[in-house]
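Everything on this sheet refers to the single structure shown next.
The values are calculated or read from the model by the stated rules, or taken from the named source; none is laboratory data. Quick caveat, the model's predicted, so the values are computed rather than measured. Every residue, glycine among them, receives a Cβ derived from its backbone with ideal geometry; neighbour counts consider all protein chains shown.
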Amino acid sequence: MRTKVAGFMREMRRRRVFRVIVVYALVAWALLQVGEIVFPALGLPEWSLTLLVALAAFGFPIALVLAWAFDMHPDGIVKTEARDAGSPEPPPSGRAAESVDPGDLDPDALAVLPFANMSPDAANEYFSDGISEDLIARLCAIGTLRVISRASSWQYKDRRIGARQIAGELGVAYLVDGSVRRSSDNVRIGAQLIDARSDRHVWSETYDRRLEDIFAIQTDVASRIAAALQRELTGPGEPTAIRGDGPPDLVAYDEFLRGRFHWNRRTASDLERSVDHFRAAIEADPDFVRARAALAEAYVTQAIYGLRSAQDVLPQARREAEEALRREAGEPSALSALATVLAIHDWRWDAAASAFEEAVAAHPEYSTAPQWFATNVLVPLGRFGEAVAQLDRARAVDPKSSAIEASLGVVNFMRRDFPEALNRFDRLIERRPDFAFGHYYRGLSLQYLGDPAAAISALQLARATGGWSAEILAALGGALAAGGREAEAREVLASITAPEAGRYVSPVRIAQLQAALGNRPGSLDALERAAASRAADLIWIDVSPAFDALREEPRFRAVRDLVFGERAR
């Protein structure tokens, strides 16, 4: 009962009903005072004052109903949403909340949930997502606070479960939640800080401003939250600096948010669109460092995913990353992008490791840096223990990330611990059945455990969930060959060696499938083409089981030495 009353009172505050009560009471009292003085002077009968009192009383419930249903907005009077869609609801029963021990929630940890898009145009979701993501970046400046990364927080988008359950799954004591309504040149942002241990609202505020004030709003929200958490976490008086570069051009910022929205989706078409938006942001504001760093990351992601030739995109990634770092030394996205280029394109392993170490040390909240350090340097070099340490570091700030969990499975796979790799990918797919990368490595694990039929089924699921991918198709062809279905495997080879116009296929994938078919010369030819074009996925040849049969071939050793030098295993 107490929880329901508390929830009702919070909703009353959100809808500004208490403000209407106060304003209505003051206006009614003022009118009555004026009536007592003016009505006799005008010769009005005594019942007229009684009528005024009655009208005031009659109008009071009407005013409350209107205050509950409608609100004033810069665009005029708007209907109040039933609730902020991004706000955690009480769970349908107390069971989930009761299963979380408040003592298990880290009092020095916080998660920002994706703010709900309350705009009339659903296409403004990129804007509400971007505001939430920027708030995460600003709150990361609180050194005593562990802020959960975006990938983990976004798992709760549109999931209507209780605050304590979310906090329990993330291991945090505090949640930041809110909504964004954008209309024309106006914006309304509502934000609240919740102590999940007691389901208590520590702070809340609603901002109605012009769009040009968006940066001031973000800074104020972060500062208010920091102030509240200082009292709770670090004691009074400890200074907190809120991070974030200066306000860029609004057009540039809008393009940047659109780019981040598509980059986070990671499909081939979305990555292309992200590049276009980041370029537009830089064109609008050449000094916008984060846009340059984000463009570098987008190019690198295209290369890692095998969507574009390394020669096409990685030199561009290098230029944008170096320019971003020239303008702002230590920018984490630019450092990570440059470090990856040094590894997967230049094969300068020491320089890449140093750049990653700098990024991880300077920005421990940026989970991409340790994850990419592990997958693009440490695992290819066979430094599996160090890779796990970096992935654990990434998981500390991104505990629900499917990509990080999959990377840990890749470590198991590359070190030939196929049973543990299979167990990890089984658990991951149970949670994320639509995760193509999980099905892909589950299929490979099954193949090397001697079950090609199950491997084929898993890889077919990877293809169904991930769409066209040379990487998945090459693995499927390898499983078909292992299962004695050589004719079908050769059909797959034909499909990736003569792909549709405009599709890039790494020579490494062709080499992988040729090796599975027993064609050593064809596989070695493809590996040499990969080395000549500096294919991004060539870095895996020293640890991938796909090339175990070629390791004693002089031509294979020559390619391996070219990539790794003295570090070749």
- Query: Where residues in the range 191-210 are under 18 Å from ALA109 (Cα atoms) and of a type outside the set (A, V, I, L, M, F, W, C), which of them is surrounded by the most Cβ atoms within 10 Å (Cβ to Cβ)?
  - Reply: GLN192
- Query: Can you name the residue in the range 279-306 that is in a helix (DSSP H, G or I) and over 19 Å from ALA339 (Cβ atoms) and, of all such residues, is nearest to the chain's Cα centre (by Cα)?
  - Reply: ALA291
- Message: If a residue counts only when it is assigned by TED's automatic domain parsing to the domain that holds PRO286, surrounded by fewer than 17 Cβ atoms within 10 Å (Cβ to Cβ) and of a type outside the set (A, V, I, L, M), which helices (runs of 4 or more DSSP H) contained entirely in the range 307-392 have at least 2 such residues?
- Response: 310-327, 349-362
- Task: Scan the range 109-148 for residues that are touching a strand residue (DSSP E or B) at 6+ places or on another chain (Cβ under 7 Å) and of a type in the set (Asp, Glu) and jot them down.
- Result: GLU125
- Any idea how many residues of the range 404-428 are crowded, with 18+ Cβ neighbours inside 10 Å and within 17 Å of TRP540 (Cβ to Cβ)? 11
- Item | Residue satisfying condition, being more than 17 Å from the chain's Cα centre (by Cα), outside any loop (DSSP other than H, G, I, E, B) and in contact (Cβ under 8 Å) with a residue 60 or more places away in the chain, within set ASP254, ASP276 | ASP254
- Note on the structure: Expected output for the range 457-476 (first residue of a type in the set (S, T, N, Q), partner at pLDDT 95 or above, Cβ below 7 Å, 6+ apart or cross-chain) is GLN460/LEU476; THR465/HIS439
- Scanning the range 393-432 for residues that are modelled with pLDDT of 95 or more and not in a helix (DSSP H, G or I) gives ARG415, ARG416, ASP417
